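Student: Supplied in C-alpha coordinates, the structure appears directly below.
The values are calculated or read from the model by the stated rules, or taken from the named source; none is laboratory data. Please read all numbers here as calculations on a predicted model, not as lab measurements. Reconstructed Cβ throughout: ideal geometry from the backbone, glycine too, with neighbour counts over all protein chains shown. The protein model used for the area step is the full one, side chains on, heavy atoms only, and it has no ligands, DNA or RNA in it. Shrake-Rupley method; radii C 1.70, N 1.55, O 1.52, S 1.80 Å.
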Amino acid sequence: MARFSLVFKKSVAKDLRDIPKKDVSRILKCFDAPAKDPRATGCEKLSGHERYLVRQGSCRIIYEIQDAVLVVVVVKIGPRRDVYRRS
(Lines give C-alpha, C1' and ligand atoms only; values in the text may rest on other atoms or scores of the structure.)
Protein backbone atom coordinates (compact mmCIF):
# COMPACT_ATOMS: atom_id res chain seq x y z
CA MET A 1 0.00 0.00 0.00
CA ALA A 2 1.29 3.45 -0.90
CA ARG A 3 2.03 5.95 1.82
CA PHE A 4 -0.23 8.99 2.04
CA SER A 5 1.14 12.53 2.37
CA LEU A 6 -0.01 14.64 5.30
CA VAL A 7 -1.24 18.18 4.68
CA PHE A 8 -2.34 20.53 7.46
CA LYS A 9 -4.81 23.36 7.05
CA LYS A 10 -3.49 26.72 8.27
CA SER A 11 -6.05 26.75 11.06
CA VAL A 12 -4.50 23.63 12.61
CA ALA A 13 -1.49 25.67 13.81
CA LYS A 14 -3.89 27.94 15.66
CA ASP A 15 -5.68 24.92 17.12
CA LEU A 16 -2.40 23.55 18.49
CA ARG A 17 -1.60 26.81 20.34
CA ASP A 18 -4.51 26.23 22.73
CA ILE A 19 -3.43 22.70 23.67
CA PRO A 20 -0.87 22.03 26.46
CA LYS A 21 2.63 21.22 25.14
CA LYS A 22 2.74 17.71 26.62
CA ASP A 23 -0.45 16.86 24.73
CA VAL A 24 0.84 18.43 21.50
CA SER A 25 3.83 16.09 21.47
CA ARG A 26 1.52 13.05 21.84
CA ILE A 27 -0.74 14.37 19.08
CA LEU A 28 2.15 14.89 16.67
CA LYS A 29 3.38 11.33 17.27
CA CYS A 30 0.03 9.86 16.27
CA PHE A 31 0.14 11.38 12.74
CA ASP A 32 2.23 8.49 11.50
CA ALA A 33 -0.75 6.11 11.58
CA PRO A 34 -3.04 8.04 9.18
CA ALA A 35 -0.13 8.44 6.75
CA LYS A 36 0.34 4.67 6.56
CA ASP A 37 -3.32 3.64 6.52
CA PRO A 38 -5.91 6.44 6.89
CA ARG A 39 -8.77 3.99 7.44
CA ALA A 40 -7.06 1.79 10.02
CA THR A 41 -8.73 0.53 13.16
CA GLY A 42 -9.08 3.26 15.74
CA CYS A 43 -10.40 5.84 13.31
CA GLU A 44 -14.09 6.55 12.89
CA LYS A 45 -15.97 7.97 9.92
CA LEU A 46 -18.03 10.98 10.87
CA SER A 47 -21.66 10.66 9.87
CA GLY A 48 -22.84 13.13 7.28
CA HIS A 49 -19.29 14.07 6.23
CA GLU A 50 -16.43 12.59 4.29
CA ARG A 51 -14.20 13.11 7.31
CA TYR A 52 -12.58 10.78 9.80
CA LEU A 53 -11.77 11.06 13.48
CA VAL A 54 -8.89 9.84 15.63
CA ARG A 55 -8.92 10.17 19.41
CA GLN A 56 -5.75 11.09 21.25
CA GLY A 57 -6.40 11.50 24.97
CA SER A 58 -8.94 14.26 25.44
CA CYS A 59 -8.19 15.72 21.99
CA ARG A 60 -9.71 14.80 18.66
CA ILE A 61 -8.10 14.95 15.22
CA ILE A 62 -10.39 15.33 12.23
CA TYR A 63 -9.07 14.68 8.74
CA GLU A 64 -10.19 14.14 5.14
CA ILE A 65 -8.81 11.54 2.75
CA GLN A 66 -8.13 12.30 -0.91
CA ASP A 67 -7.55 8.88 -2.44
CA ALA A 68 -6.91 10.11 -5.98
CA VAL A 69 -3.76 12.01 -4.98
CA LEU A 70 -2.84 9.99 -1.83
CA VAL A 71 -3.25 12.93 0.56
CA VAL A 72 -4.60 13.11 4.12
CA VAL A 73 -5.70 16.65 5.00
CA VAL A 74 -5.81 17.39 8.74
CA VAL A 75 -8.77 19.73 9.16
CA LYS A 76 -9.15 20.32 12.91
CA ILE A 77 -7.49 19.42 16.20
CA GLY A 78 -8.97 20.21 19.57
CA PRO A 79 -10.68 19.11 22.75
CA ARG A 80 -13.76 16.96 22.43
CA ARG A 81 -16.15 19.74 23.45
CA ASP A 82 -14.96 22.12 20.70
CA VAL A 83 -13.84 20.02 17.76
CA TYR A 84 -17.29 19.11 16.44
CA ARG A 85 -18.58 22.70 16.27
CA ARG A 86 -18.72 24.28 12.85
CA SER A 87 -16.73 27.45 12.38
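Student: Condition first: under 17 Å from GLN56 (Cα atoms), open to solvent by 60 Å² or more (accessible area, probe 1.4 Å) and not in a loop (DSSP other than H, G, I, E, B). Now tell me which residues in segment 14-32 satisfy that.
Tutor: ARG17, LYS21, LYS22, ARG26, LEU28, LYS29, ASP32
Student: For residues that are open to solvent by less than 60 Å² (accessible area, probe 1.4 Å) and part of a helix (DSSP H, G or I), tally how many sit in segment 34-69.
Tutor: Number of matching residues: 2.
Student: Just to check your reading of the model, which residue among LEU6, LEU28, LEU53, LEU46 is touching a residue at least 40 places away in the same chain (Cβ under 8 Å) and of a type in the set (A, V, I, L, M)?
Tutor: Matching residue, one of LEU6, LEU28, LEU53, LEU46: LEU6.
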